Amino acid sequence: MKCEQVFRGHDGAVHIALFDSKSQLSIHRSLESGEYILSGGQDKQLLLHSRKSSTPLASYEGHGWPILSLSISPDAERIASAGEDRQIFLWDSSTRKLLRRLSGHTQRIDALSFHRSSSDNTFLLASAGYDRSIRLWDLRSSERFPLQVLEDAKDGVTSLDWRDYFLLASSVDGHVRCYDIRKSLLTTDAIGAPVTSVQFSNLLRNYLVSSLDGKIRLLENSSGKILCEYSGHKAGQYKCSVTYLQPEERLLAFGSENGPIHIWDLVPKGRGIISLPGHTGPVTSVTSHPTRPELISSSLDGTVRLWS
């Protein structure tokens with residue numbers, strides 16, 4: 001795996017970068033998923049990139065504070081962005097028009113996750129942040145208030161992953177909480193160290209956890225049993241997202257605070273495969289392409305990098 005493209009355009013740190021879920025971020029609707037990339041940064045900019053160009057295609061204007069979190073709806077028609085504004089900005093992806101703002105959080109918002117409702121095929125949105133709350137929003141409603149507020153975390157909530165009826169949330173309090181939204185049940189796994197990110201496997205059997213003790217863990221979802229641990233990277237101060245490498249999920253990737261991207265065998269012993277140099281500052285996010293063994297990463301060095 002090597003760096004195929006370096007995307008520039010942000011003035012300062014880039015906190016988050018994502019592949020699109022479908023290519024509806026452009027007029028070229030025939031392109032497959034993952035052809036476009038969104039990034040948000042300290043400079044308050046939300047930028048749209050094409051994988052074929054190092055310079056941004058367009059920007060979404062409206063944020064007055066740094067952007068820390070992004071999510072793209074499963075049909076790619078809506079984008080949610082948030083951060084130190086303490087508001088969620090909901091955008092039309094193709095027109096780049098700001099549709100509405102959702103208010104309620106009292107401190108910065110660190111995590112967003114869209115969800116498609118299986119009952120009526122509409123979209124919900126979960127948001128979470130430093131105020132220790134998770135808020136669930138019904139995007140069909142004109143109400144300014146969230147559908148539900150979850151306040152179980154004892155410290156800031158750092159990441160979310162919403163699949164089917166299950167919402168996975170990590171917290172600085174050292175716990176991972178899994179909410180069964182359908183049954184209103186909560187299970188909690190204690191990690192110990194502050195948790196910076198979580199991600200379900202595609203079949204929801206396992207999930208990955210990154211934490212500030214310099215370890216990544218693979219846990220069994222049903223029991224909370226630790227199946228494997230991974231180390232060798234530097235993680236003690238900055239948040240970074242951990243990800244399975246799609247489509248087969250045989251590898252995992254994580255960004256180190258000293259710049260490289262680390263990749264490990266998922267099983268059986270968590271053996272490190274490669275270290276990818278390139279970033280010159282702490283890596284803030286690493287995300288897998290939805291269908292190909294590719295990664296997109298962001299960094300405090302002000303760049304976004306495509307790896308394939």
Mind listing just one residue for me: the one in region 83-97 that is touching a strand residue (DSSP E or B) at 6+ places or on another chain (Cβ under 9 Å) and over 17 Å from D138 (Cα atoms) and, of those, modelled with the lowest pLDDT?
S93
Note down all Cβ pairs under 8 Å where the first residue falls in region 53-81 and is under 18 Å from K239 (Cα atoms), the second is charged (D, E, K, R) and surrounded by 16 or more Cβ atoms within 10 Å (Cβ to Cβ), and they're at least six residues apart or on different chains.
P66/D43; P66/K44; P66/E84; I67/K44; L68/E84; L68/R108; L68/D110; S69/D110
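Which residue, of V198, V149, is crowded, with 19+ Cβ neighbours inside 10 Å, of a type in the set (A, V, I, L, M) and outside any loop (DSSP other than H, G, I, E, B)?
V198
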Of everything in region 198-220, what is in contact (Cβ under 8 Å) with a residue 40 or more places away in the chain and either of a type in the set (G, A, S) or closer than 18 Å to R271 by Cα (or both)? Give them in sequence order.
S201, Y207, L208, S210, I216, L218, L219
Considering region 105-120, residues that are in contact (Cβ under 8 Å) with a residue 24 or more places away in the chain and over 11 Å from A82 (Cβ atoms), and then whichever is surrounded by the most Cβ atoms within 10 Å (Cβ to Cβ), we arrive at H115
The one condition R177 fails out of (1) crowded, with 19+ Cβ neighbours inside 10 Å; (2) among the charged types (D, E, K, R); (3) under 26 Å from G281 (Cα atoms) is (3)
Restricting attention to region 121-145, which residues are without any contact (Cβ under 8 Å) to a residue 40 or more places away in the chain, buried (at least 20 other Cβ atoms within 10 Å of the Cβ) and among the polar types (S, T, N, Q)?
S133
Among the residues of region 67-107, how many are outside any strand (DSSP E or B) and over 26 Å from P290 (Cα atoms)?
7
For region 212-291, please list each of the strands (runs of 3 or more DSSP E) lying entirely inside it that holds at least 2 residues being surrounded by fewer than 19 Cβ atoms within 10 Å (Cβ to Cβ) and not acidic (D, E).
226-230, 272-276
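The values are calculated or read from the model by the stated rules, or taken from the named source; none is laboratory data. For clarity, every value in this text was computed on a predicted model and none was experimentally measured. Neighbour counts are summed over all protein chains in view; Cβ atoms, including those assigned to glycine, are modelled from backbone coordinates with ideal geometry.
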